[in-house]
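First comes the structure, then the notes that go with it.
Every read-out reported here was derived from the displayed coordinates using simple, explicitly stated rules and does not represent laboratory data. Since this is a predicted model, take the numbers as computed values, not measurements. Note that we place each Cβ from the backbone using ideal geometry, even for glycine, and neighbour counts take in every protein chain shown.
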Amino acid sequence: MSLLQKLFKKRGIDKIEELSVEERETFDRYKLILDGREITVEKIEKFCRYQIERLEDRFSSGITPDDTYLKACLHVYLTLLKAIKAPEAERKALEAQLQALIDK
């Protein structure tokens, strides 16, 4: 049983969904730290995708889309995902270009 699970059990929390938005943010930060010392591209990508989902949920739950802070957060996570995917996209574009040259 993880430390977070033990803490939840002690506080009578059965599901993560029972947490408030602020508690969930703290939980996510703690979980990221406790999941391992090694930060991988996959972990960063997973974290960014999760944060984007949470921001989208906040927008759909009544927070006005003109909230500058939330928009800035969303922009940062989307930019990180693009940076992660850029080498893969470049490789695919180059492969397509080379294949087109071969097929001529």
query = At what distance in nm do the modelled label points of LYS9 and GLU22 sit from each other, each positioned 7 Å from its Cα along Cα→Cβ?
reply = 2.8 nm
inquiry  = Can you tell me the orientation of helix 21-34 relative to the chain, as the angle in degrees between its alpha-carbon axis and the longest Cα principal axis, to the nearest 10?
reply    = 70 degrees
task = Report which label in (i) 1.50; (ii) 1.04; (iii) 1.95 holds the value of Cα Rg over 2.2 N^0.38 Å derived from the coordinates of this structure.
result = (i)
inquiry  = Between helix 41-60 and the chain, what is the angle of the helix's C-alpha long axis to the longest principal axis, kept within 0 to 90° and rounded to the nearest 10?
reply    = 70 degrees
